[in-house]
Amino acid sequence: MIDATTAFFAITVIAVVYSAITTHITKTWGNRARVTQIQAEMNRINNMMTEAVKHNDEKKKKEAEAEQGKIAGLMKESMILQFKPLVVTLPVFIGLSWVLRTTFPEFQIKLAVALPIFIQNFNNFPNWRDTFGVIGWFILALLVSGLLVQFITGKISEMRKKK
């Protein structure tokens, strides 16, 4: 039987490693720069149509309508880029959840503060909980470590751009 301290650190380390790996996969496969370009292009097209309607300019309306034909393709490309990393990360998450649940079946942690949990009972939101099992702790550790990994990688990117 694994003691609670070992389980706590094992679950936390697995969450941190999973966060780092999924961040790398998302940046590599997701191509955030292209998604940003697509969003800018769609905003430009929408603004073009808004201005044409605002000024009641028929010529610009026709140009904007022609440009709006591109929006469906741009949205499709954007969604594919955003969901492509899930092909790997979601099955790994499900597998890790199963492994953690079977490895640490007795694990339970009681935090010093209660946290609002919104997925437990939608009729009684927020649900305040201070006790979590293995999957609850794994998800909380993922949230915190994911934010930390995003912050660190963002700072590293800023430092590289300055050089």
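The values are calculated or read from the model by the stated rules, or taken from the named source; none is laboratory data. On a predicted model such as this, the values are computed, not experimentally measured, just so you know. With ideal geometry, Cβ positions are generated from the backbone for all residues, glycine too; neighbour counts draw on all protein chains shown. Surface areas here come from the heavy atoms of the whole protein model, side chains and all, with no ligands, DNA or RNA. Shrake-Rupley method; radii C 1.70, N 1.55, O 1.52, S 1.80 Å.
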Among the residues of region 26-63, count how many are more than 30 Å from VAL92 (Cβ to Cβ), open to solvent by less than 80 Å² (accessible area, probe 1.4 Å) and of a type outside the set (S, T, N, Q). 9
Could you tell me whether THR153 is surrounded by 10 or more Cβ atoms within 10 Å (Cβ to Cβ) and closer than 18 Å to PHE9 by Cα? no
Give the residue, chosen from LEU142, LEU148, that is in contact (Cβ under 8 Å) with a residue 40 or more places away in the chain, in contact with a helix residue (DSSP H, G or I) (Cβ under 8 Å, 6 or more places away or on another chain), under 14 Å from THR12 (Cα atoms) and open to solvent by 60 Å² or more (accessible area, probe 1.4 Å). LEU148
Of a type in the set (Ser, Thr, Tyr), within 20 Å of PHE132 (Cβ to Cβ) and touching a residue at least 60 places away in the same chain (Cβ under 8 Å): which single residue out of THR12, THR102, THR5, THR23 fits that description? THR12
Using the structure shown, decide if ALA66 is farther than 30 Å from GLY136 by Cβ, open to solvent by less than 60 Å² (accessible area, probe 1.4 Å) and modelled with pLDDT under 85. no
State all residues of region 69-116 that are of a type in the set (S, T, N, Q) and exposed (fewer than 13 other Cβ atoms within 10 Å of the Cβ); if no residue qualifies, say none. THR102
